[in-house]
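The next block holds one structure in the form of structure tokens; read it before the comments.
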Amino acid sequence: MAKATAYRGVFPVVPTIFDATGALDLEGQKRCVDFMIDAGSEGLCILANFSEQFVLEDAERERVMQAVLAHVAGRVPVIVTTTHFSSAACAERSRRAQESGAAMVMVMPPYHGATIRVGEAAIFDFFRRVSEAISIPIMIQDAPVAGTTLSAPFLARMAREIPNVAYFKIEVAQAAAKLRELIALGGEAVVGPWDGEEAITLLADLDAGATGSMTGGGFPDGIRQITDPYLAGDREAAVAAYAKWLPLINYENRQCGLLAAKALMEAGGVIRCGAPRHPLQPLHPATREGLLDAARRLDPLVLRWGK
């Protein structure tokens, strides 16, 4: 039963690696995954928004999923993002992910563009249909990009009433308060109350009861310095580590976004090309240097792994 599975810790998002022409670089993708595991990732998430999933063709999504799952080969659990507006398409993506070896799927509520949304009844039925197609856990991603308000009572109800809905990545304003309410309302049905948004609110979210964190992929070793002591009961050590790593976390979250992990990986020789796929634009050189300056002060593995 999916609810019995309890994944905890740091499960960063894996960036999708392209070459200088914008084509998939699957060899670079494998090196990226190897680095992320070596850096202490307790699990991985692929094809998320921070993976630039929205610039991939369906066939490319499949190629990335199969390549990563085969290369990871069970070393760590892998969450596959299967978000789609269509209930049937999301259910089929989720079924294929499970068949290919995914440990969990992550799904946003249905949305399209700036205005096309559905109400709570349709959202509930959407997740029910996805759940009926699989037997692995579902993580609901509650993020502003969907433009959909998911109240804590509604999320808790889905956890209680939809068999595989068990994990929640909360990355909205005042995430800690929402996590606290969700945990209180959902009880044991909320197996995984998780933090997101590059760990910018990680300490408050851990205080609220978060047991996992889905961050960017550039420095899981740094995030582990926060989560490991906290989850072991040493909050003071976690507070000190959070203060140490916060400048880099902040630079990623506020200045670089989804390009931070690839910029760090390129600088450290993990991958050859850190560029996004057009029409996304590369980091400004000054922004990239600011990121690297913040990282060099901490000596994360990413800057040494490929050298």
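Read-outs throughout are calculated quantities, based only on the coordinates presented, and are distinct from any laboratory measurement. On a predicted model such as this, the values are computed, not experimentally measured, just so you know. Using ideal geometry, Cβ is built from the backbone for each residue, glycine included, and neighbour counts are taken over all protein chains shown.
Structure note, pairs LYS30/LYS178; LYS169/LYS307; LYS244/LYS307: Cα-Cα distances above 27 angstrom occur for LYS30/LYS178; LYS169/LYS307. The string of couplings for the stretch 252-258 from the Karplus curve (6.51, -1.76, 1.60, θ = phi - 60°) is 5, 5, 9, 10, 10, x, 5 Hz, one whole number per residue in order, with x for Gly and Pro.
The HN-Hα couplings worked out from phi for the stretch 96-108 by the Karplus form 6.51 cos²θ - 1.76 cosθ + 1.60 (θ = phi - 60°) are 5, 4, 4, 4, 8, x, 5, 7, 6, 10, 10, 9, 8 Hz, whole numbers, x standing for Gly and Pro.
Proximity of backbone amide H atoms, modeled 1.01 Å from N, is registered between MET106 and VAL80, THR81, THR82, MET139 at under 5 Å, excluding neighbours fewer than 5 places apart on the same chain. Per-residue 3J(HN,Hα) values for the stretch 270-285, derived from phi via the Karplus relation 6.51 cos²θ - 1.76 cosθ + 1.60 with θ = phi - 60°, read 5, 10, 8, 9, x, 6, x, 8, 4, x, 4, 9, x, 4, 5, x Hz in sequence order (x marks Gly and Pro). Between the C-alpha center of the stretch 34-97 and that of the stretch 242-286 there is a gap of 20 Å. Each Cα pair under 8 Å and six or more residues apart adds its sequence gap; the mean of these over the residue count of the stretch 66-205 is a relative contact order of 19 percent. If only the Cβ of Lys and Arg carry +1 and only the Cβ of Asp and Glu carry -1, the dipole of the stretch 168-280 around its Cα centre is close to 400 debye. Among the GluC sites (Glu not before Pro) found in the stretch 49-92, those both in a DSSP coil and sparsely packed, with 10 or fewer other Cβ atoms within 10 Å of their Cβ, are GLU57. Based on the convex hull around the alpha carbon atoms, the stretch 63-117 presents an average projected area of 4.0 nm².
Each residue, ALA59 and ALA243, gets one label point 7 Å from its Cα in the Cβ direction; the gap between the two is 5.5 nm. Multiplying the residue separation of THR115 and LEU298 by 0.36 nm and subtracting their alpha-carbon distance yields 61.7 nm. Charges were assigned to the Cβ only: +1 to each Lys and Arg, -1 to each Asp and Glu. The resulting dipole of the chain about its Cα centre is roughly 100 debye. Annotation: extensible slack from ASP234 through HIS278 equals 11.4 nm (criterion: 0.36 nm per residue apart, minus Cα-Cα distance). Nearest 0.05, what FRET efficiency do GLU161 and LYS307 give at R0 = 51 Å with Cβ-Cβ as r? Using R0 = 51 Å, I get an efficiency of 0.50.
Sorting 14-27, 249-262, 119-132 by average packing, meaning the other beta carbons within 10 Å per residue, from highest down gives 249-262, 14-27, 119-132. By the compact-protein rule of thumb, 2.2 N^0.38 Å, the alpha-carbon radius of gyration of the stretch 160-242 corresponds to a ratio of 1.08.
With point charges of +1 on the Cβ of Lys and Arg and -1 on the Cβ of Asp and Glu, referenced to the Cα centre of the stretch 2-303, which listed residue (GLY217, ALA6, PHE18) lies farthest in the positive direction of the dipole? About the Cα centre, the residue reaching furthest to the positive side is ALA6. Our helix-only sum for the chain, with -39,500 (n - 2.57) per DSSP H run of n ≥ 4 divided by its residues, gives a mean residue ellipticity at 222 nm of -13500 deg cm²/dmol.
Projecting the alpha carbon convex hull of the chain along each direction and taking the average yields 14.3 nm². For a straight C-alpha distance cut-off of 13 angstrom, the aspartates and glutamates reachable from LYS262 (same-chain residues fewer than eight places away being disregarded) are ASP19, ASP25, GLU52, GLU252.
With a Förster radius of 25 Å applied to the beta-carbon distance between GLU132 and PHE154, the computed FRET efficiency rounds to 0.85. Going toward the positive end of the dipole of the stretch 228-306, with +1 on Lys and Arg Cβ and -1 on Asp and Glu Cβ, which of GLY268, PRO300, ILE249 do you reach last? The one lying farthest along the dipole's positive direction is GLY268.
Pairs of Cα atoms nearer than 8 Å and 6+ residues apart set the relative contact order; for the chain it is 21 percent. Based on the Cβ-Cβ distance from GLN174 to ARG75, what FRET efficiency comes out when R0 is 25 Å, to the nearest 0.05? About 0.10, to the nearest 0.05.
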